[in-house]
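First up is the structure itself, then whatever we jot down about it.
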Amino acid sequence: MTTVNRKEFVSDQEVRWCPGCGDYAVLAAFQSLMPQLGIKRENTVIVSGIGCSSRFPYYVDSYGLHSIHGRAPAIATGLATTRPDLAVWVVTGDGDALSIGGNHLIHALRRNVNITIMLFNNRIYGLTKGQYSPTSEVGKVTKSTPAGSVDTPFNPLSLALGAEATFVARTVDSNRAHLTEVLTAAIAHRGASLVEIYQNCPIFNDGAFDDLKAGPGLIPLRHGEPITFGPDQSQGVVRSADGSVRVVDVAQVGLEAILVHDAHASDPSQAFAISRLTDSGVLRQAPIGIFRNVERPAFDDAMRAQVSMPAPEERLAALQALVSGQDTWTVA
Amino acid sequence: MTNVRNIDRVVIRFAGDSGDGMQLTGDRFTADTAAIGNDFSTLPNFPAEIRAPAGTIAGVSSFQLHFADFDIRTPGDRPDVLVAMNPAALKANLRDLPRGAVIVADTHDFTTRNLAKVGYAANPLEDGSLGAFQVHALDLTGMTVGAVAAFGLGRKEASRSKNMFALGLLTWLYSRPTEGTEEFLSRKFASKPQIRDANIAAFRAGYAFGETTEAFTVRYEIAAAPMPAGTYRQISGNTALSYGLMAGAAKAGMPLYLGAYPITPASDVLHELSKAKHHGVTTFQAEDEIAAVGAALGASYGGALGVTSTSGPGVALKMETISLAVMLELPLVICDVQRAGPATGMPTKTEQADLFQVLYGRHGEAPVPVLAAQSPGDCFDIAVEAVRIALHLPHSGDSCCPTATWPTGPSRGWCRTCRRCPRSTPASPPKPTARTASSSPTCGTRSWLGLGPSPAPQAWSTGSAASRRPTRPATSPTIRTITSSWSSSAKPRSTASPPICPPWWWTTQALSGASRPTCSSSVGARPTGRSRPPCAESG
Ligand code: SF4
């Protein structure tokens, strides 16, 4: 068996993201991960939309399409339906997936198309040089919002859970091990997987995720384990009477009262409640990990099951019968 | 005593309320007309309202049929005969009638209330306002109820057969055979013997009424039209288009993938192809028009034949993806089943106004060959041809027709093909010229039949490593718009017109037959093998 190494997934294209861009880390993680998983590059297709992150397919030596703004999930749907032998990835950003392509994203998720979506969320429009995005906090001052933005941002994971997604996860560009772990689970999931990746844009939104270091911080989710975090796991998540979840001191309530994370729960309510722990303004607190990972028949498998192709020699004859129809008349 | 008069052509319009069964009546009359061997063309006209209030102008549904003893091309403009089942049908259609036209009106529905509903102060059948026409005011409903009394149906149920009474009368008037309709009714209502018998009785009563009444002094005969020998069927443009797409994909040995979003009047293509899953056809009802074409393009990238069907508003939304398909040189067939009007327009009305959109709708240099079908039957050939070109066309940027490369931005200097400055807009737009396969210098760079199902995706250039990938043979660009007219229930075209693209070796010989209208010569009889179609020689 030939060993596949990272280099096989490195294309000969010069990587042209800005120095320090978080995209580099994701690319490197991806290029190492794929050989580890044993997925051949000729079975790998990366479909991207438009945006900084959408340059991704250029840099991976596999099949790829740099398509149109927001449309990658639609194109990937056609491809995945046609080709069960391919690992189809969608690389998109917060503007691409949640603004112009919001419709395609939610429908790909609810259909459960067998694709893996990496959503690079830098909370800004980078490629167009710094306008606020659908994940920017209210009051964001940018070139297009000099007086501060006034619209409420999306919580991408709440959106995905609401759209009946079967695999929903979040990771960060700065944690290679976590990134690799989450992406591995995402590609293993049969159906649509959405992985939101917090990605720093040092040029137009530098430090967007820095407050996580100061505040309550990242809340790691591990299936089957109580949700605790912070120094010495002193903080934890409990369920409130109204069904929402909140952060408490573990010492106050005791470890038994802490919510145990269940990523495989068929009802998405708890995953949704956990997704609401994400700050929508300045980001001081955000759960990361796999929020939801459940089995549901994949759209493309079900589609293919309905379609059958006659043997080549029978195909035209079958078609001829159809074309001739039942009611014919003859002119001599 | 009834005289028989021979005439060469007639246009009949059946009009009534949406619930009166006018489409079925027209369909049946068409089938009987086909059986006689007349040439014909039809125009169904539905109300846009799904369930318009009964008796209103908005709720009028009509079916027009033009038939003749010679070759005709259109459903006709001015009906010689109007069958009006209610005052709304009369009012909505009266202005289309020439002087002297025959009006058969069902007096039963000309009640004060119904007249008032459409703004008639007095009954036009009685006030002399129809003096320019030959009016036959008959109680069709009353006679129908009488004719079916034996079957024990309620009055409402009984009166529903009035369309068959009217059909019977017209069948007599124009000397059509009756067996076809009787067989049809027996089949259609096989599970409801009461309804079946009532309908057949009404149909026979209508026929007998014509024969016995003194109201009609003339009966007409229209001889068979000289038609090329062959086996014929009725087919709508959308059905022919669907079959053509399937035939094209089958000839190419590729699976067919349709991405579509429901849109009148193109949805029937989606419906038709959705029934063909056992022919290797995948249909995807997308979330919107853009996703529909996107998925089709994705499927093409995976080695299927990607097709999207839509109408004008959908084409507008798909333009960016069409440009992308040109750029990626992937096969794609776009079907534009045209509706009327700007913006959303009029879904149930037809127009042929999308030509400029499909020729010039894209940005940048994204030339797209455009084919237009000339008849419902021709939609089949056009679809096959579109598939052929889509899979076969060599690189599009080289020698395309002037229209397609006409620069659109003021910063562009000259169109290199026609050498006219785009700033001085030509008095008339450049003449649409479809690119022909024969003009292509490298037609046949890849074998049309050489594509196996599910080839590996085509390498998209990301550098030299592309050469190491398992790619299929260099693909050709490929994109094709079909502009088909939406018309229903007409025969395959009966005369060969100058083809927009050169006749294709097997289309003309095998599927539709050298003598056009036959659909029955076996597809399997086509030249087989993996040889290249001789398109290079055709120019
Ligand atoms: S603009 Fe921001 S997101 Fe885009 S490449 Fe530069 S650093 Fe990365």
Completion exercise
Comparing each residue of the range A:7-22 in the complete protein assembly with the chain by itself (heavy atoms, probe 1.4 Å, ligands and nucleic acids ignored), those losing at least 10 Å² of accessible area are A:ASP12, A:GLN13
Fill in the blank from the handout: So the pair-distance distribution of chain A, from every Cα-Cα distance in 20 Å bins, comes to percents of 30, 52, 14, 4, 0
Handout entry: Once the Cα gyration tensor of the range B:214-274 is diagonalised, semi-axes √(5λ) in Å
Key = 38, 19, 6
Practice task
For the range A:102-216, compute Rh as the Kirkwood radius over C-alpha pairs and then the Stokes-Einstein diffusion coefficient at 4 °C and 1.567 mPa s; write the answer in µm²/s, rounded to an integer.
Solution key: 86
Handout entry: With every protein chain in place, the range A:1-135: carbon and sulfur % of accessible area (1.4 Å)
Key = 53
Handout entry: Residue-span extension gain [B:HIS363 to B:THR344] - 0.36 nm each, minus C-alpha spacing
Key = 4.7 nm
Exercise for the section: Just report the Cα centroid separation between the range B:1-69 and the range B:288-318, whole Å. Expected result: 35
Practice task
Would you tell me the accessible area of B:HIS108, worked out with a 1.4 angstrom probe on the heavy atoms of the protein chains, in Å² to the nearest 10?
Solution key: 70
Exercise for the section: Could you tell me the accessible area of A:TYR59 in Å² (1.4 Å probe, neighbours in place), rounded to the nearest ten? Expected result: 10
Handout entry: Sulfur and carbon atoms: percent of accessible area, the range A:176-282 [1.4 Å]
Key = 52
Exercise for the section: Quick one: angle between helix A:23-37 and the longest Cα principal axis of chain A, in degrees between 0 and 90, rounded to 10, please. Expected result: 60
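What total accessible surface area, summed over both chains, is buried at the interface between chains B and A, computed with a 1.4 Å probe and given in Å² to the nearest 100?
Adding both sides of the contact gives about 5000 Å².
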Exercise for the section: In Å³ and rounded to a whole number, note down the convex hull volume per residue for the Cα atoms of the range A:233-293. Expected result: 98
Fill in the blank from the handout: Each label sits 7 Å from Cα toward the beta-carbon; between A:LEU37 and B:GLU183 the label points are separated, in nm, by 6.0
Exercise for the section: At a 1.4 Å probe radius, which order do B:HIS66, A:HIS223 fall into by accessible area, largest first? Expected result: A:HIS223, B:HIS66
Practice task
Quantify how strongly other chains surround peptide A:305-317 by giving the mean number of their Cβ atoms within 10 Å of each of its Cβ atoms.
Solution key: 6
Exercise for the section: Pull out a ≥ b ≥ c, the square roots of the eigenvalues of the alpha-carbon gyration tensor of the range B:118-228, then state rounded if a/c is under 1.5, prolate if not and a/b is larger than b/c, and oblate in the remaining case. Expected result: oblate
Completion exercise
Of all trypsin sites (Lys or Arg not before Pro) in the range A:198-256, the ones in DSSP coil with at most 15 other Cβ atoms within 10 Å are A:ARG222
Exercise for the section: Sort largest first and round to whole Å: the equivalent ellipsoid semi-axes of the range B:336-380, each the square root of five times a Cα gyration tensor eigenvalue. Expected result: 20, 17, 6
Problem - Using alpha-carbon coordinates, inclination of helix A:72-82 to the longest axis of chain A, degrees - result: 40
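Which GluC sites (Glu not before Pro) does the range B:94-200 hold that lie in a coil by DSSP with at most 13 other beta carbons within 10 Å?
Counting only loop positions with at most 13 other Cβ atoms within 10 Å, the GluC sites (Glu not before Pro) in the range B:94-200 are B:GLU126.
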Practice task
Find out how many positive minus negative residues lie around A:THR166, taking Lys and Arg as positive, Asp and Glu as negative, among other residues whose Cβ is under 12 Å from that of A:THR166.
Solution key: +3
Exercise for the section: Please report, largest first and rounded to whole Å, the three semi-axes of the ellipsoid equivalent to the range B:1-81, where each semi-axis is the square root of five times an eigenvalue of the C-alpha gyration tensor. Expected result: 26, 13, 11
Problem - Global geometry of the range B:229-342, whether rounded, prolate or oblate, following the gyration tensor of its Cα atoms and the 1.5 cut on a/c - result: oblate
Fill in the blank from the handout: The answer for the net charge of residues other than A:PRO84 whose Cβ lies under 9 angstrom from its Cβ, with Lys and Arg +1 and Asp and Glu -1, is -1
Practice task
Using a 1.4 Å probe and ignoring any ligands, DNA or RNA, find the accessible area of A:ASP300 and quote it in Å² to the nearest 10.
Solution key: 0
Handout entry: trypsin sites (Lys or Arg not before Pro) restricted to DSSP loop in the range B:25-114 with at most 12 other C-beta within 10 Å
Key = B:ARG51, B:ARG99
Completion exercise
Note to self: C-alpha centroids of the range B:86-126 and the range A:263-299 sit apart, in Å, by 65
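Please report the net charge: other residues with Cβ closer than 11 Å to the Cβ of A:TYR59, K and R +1, D and E -1.
-2
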Handout entry: Listed residue pairs exceeding 19 Å between alpha carbons, taken from A:LYS7/A:LYS40; B:LYS251/B:LYS318; B:LYS91/B:LYS117; B:LYS251/B:LYS277; B:LYS162/B:LYS188
Key = B:LYS251/B:LYS318
Exercise for the section: Evaluate the relative contact order of the range B:48-132 (contact order divided by residue number), counting alpha-carbon pairs under 8 angstrom at least 6 apart; express in whole percent. Expected result: 27
Exercise for the section: Report, in whole Å, the centroid distance computed from the Cα atoms of the range A:154-200 and the range A:311-327. Expected result: 47
Practice task
Determine the shape class of the range A:244-332: with a ≥ b ≥ c the square roots of the Cα gyration tensor eigenvalues, call it rounded for a/c under 1.5, and otherwise prolate if a/b is greater than b/c, oblate otherwise.
Solution key: prolate
Exercise for the section: Measure of size requested: the Rg and Dmax of the range A:39-190, with Cα atoms as the atom set and Å as the unit; please supply both. Expected result: 15.4, 50
Completion exercise
Kirkwood-based Rg/Rh on the Cα set of the range A:28-100 evaluates to 0.97
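The values are calculated or read from the model by the stated rules, or taken from the named source; none is laboratory data. All of these numbers come straight from a predicted model, not from anything done at the bench. Ideal geometry is used to build each Cβ from the backbone, glycine not excepted, and the neighbour counts take in all protein chains shown. Protein only, heavy atoms only, side chains kept; ligands, DNA and RNA dropped before computing areas. Shrake-Rupley method; radii C 1.70, N 1.55, O 1.52, S 1.80 Å.
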